[in-house]
Amino acid sequence: MSSEQLTREIGRSGVKASAVGLGTWAIGGWMWGGTDEAESIAAIQASLDAGVTLIDTAPAYGLGRSEEIVGKALAGRRDKAVIATKCGLVWHTTKGKHFFDQDGKPVHRYLGRDAIMHEVEQSLKRLGTDYIDLYITHWQDPTTPIEETVRALEDLKNAGKIRAIGASNVDRSELEAYIATGRLDAIQERFSMMDREIEAELLPLTTKNGVATLSYSSLALGLLSGTVGPDRMFSGDDQRRDNPRFSVGNREKATAFAGAIRPIAEKHGASIAQTVIAWTLAQPGVTFALCGARNPAQALDNARAGTIRLDGPDLAAIDEAIAAKLAHMDR
């Protein structure tokens, strides 16, 4: 285990951040059974203290709640953080395409210039800052040309309100359109040992074009953390409660997988979750791994993953365990 946090650049933007990032969807509470603000603030500050600089959030995480908590946690420490937040899921207008309802409000996918200019000001206010390091289109809007969206983002960059441009949840054609503008610095996509679809089409494009990739759900919503056993119960609006991926059978397989890689974790003085995150960061084309935490203990556990350097034999053994224990899980 190294004493240094692994850091990487966000595409060609010149913005550098810790390879392990703190994801704050759960901190927003929505679909995670609520939130504890004091614990959430402590988790963010513990991450910073441990060398994690990349903090990822979004307006849709609790209709602004996550951004507000991040803003409170970073008060007086803004210069220590690289903030990534998003645009494109809106509830102030019904333009675009309806996506879902949250707290009785319809949320639409809309990336028109008018909405982006409105959203960035709201995010800056909630975050308590005058600039955003990485501004990401959260989900793609089929009603607005990507070129129009990118022009708006470029204007924000020229105005100093954002430093880098990203896109999330894209397909190949959308990624190609973003790359064609010459302005894309990063994508953010679901990627884990169980979710490797982006390896086929997206990662070859990002690697070729110098675009960073931020993986989200790196621990598969916690299933690969080594702490979600067959007896675990999920309550309230926790999305895992009715998710087939969290069937008892799957959790048994995840427990068996954790047992298979435990010798590698112990070799590095690491937890199962840290070892899984370190594997994620060792995958070709994956630049950053976003990991959720709701309290300081979880945050510190994730942060230590950035100090682990797996070698070739470690990675080969982990890949063998993935094939043996996770390949036949229910999806």
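Which numbered condition in (1) open to solvent by 10 Å² or more (accessible area, probe 1.4 Å); (2) farther than 18 Å from Thr207 by Cβ is the only one that Arg172 fails?
Status for Arg172: all satisfied but (2).
Answer yes if at least one residue in the range 59-82 is crowded, with 24+ Cβ neighbours inside 10 Å, under 18 Å from the mean Cα position of the chain (by Cα) and assigned to a strand (DSSP E or B), and no otherwise.
No, the range 59-82 contains no residue that is crowded, with 24+ Cβ neighbours inside 10 Å, under 18 Å from the mean Cα position of the chain (by Cα) and assigned to a strand (DSSP E or B).
Looking only at the range 235-286, how many residues end up being hydroxyl-bearing (Ser, Thr, Tyr) and within 30 Å of Gln102 (Cα to Cα)?
Looking only at that region, the number is 2.
Every residue in the range 204-229 that is open to solvent by less than 10 Å² (accessible area, probe 1.4 Å) and either modelled with pLDDT of 95 or more or of a type in the set (S, T, N, Q) (or both), please.
Thr206, Ala212, Thr213, Leu214, Ser215, Ser218
Taking the range 1-44, which residues are open to solvent by 60 Å² or more (accessible area, probe 1.4 Å), modelled with pLDDT of 90 or more and not acidic (Asp, Glu)?
The answer is Thr7, Arg8, Arg12, Lys16, Ala38.
Tally time: how many residues in the range 83-107 are under 21 Å from Gln140 (Cβ atoms) and either assigned to a helix (DSSP H, G or I) or under 21 Å from the mean Cα position of the chain (by Cα) (or both)?
The qualifying residues number 11.
Taking Ala265, is it assigned to a helix (DSSP H, G or I), aliphatic (A, V, I, L, M) and farther than 26 Å from Ala46 by Cβ?
In short, no.
Are any residues in the range 281-331 open to solvent by 20 Å² or more (accessible area, probe 1.4 Å) and touching an Asp or Glu at 6+ places or on another chain (Cβ under 7 Å), and if so, which ones?
Within the range 281-331, Arg294, Asn295 meet the criteria.
The values are calculated or read from the model by the stated rules, or taken from the named source; none is laboratory data. Small disclaimer: the values here were computed from a predicted structure and weren't measured. All Cβ positions, even for glycine, are placed from backbone atoms using ideal geometry, and neighbour counts span all protein chains on display. In case anyone asks, the SASA skips ligands and DNA or RNA and just uses the protein heavy atoms, side chains included. Shrake-Rupley method; radii C 1.70, N 1.55, O 1.52, S 1.80 Å.
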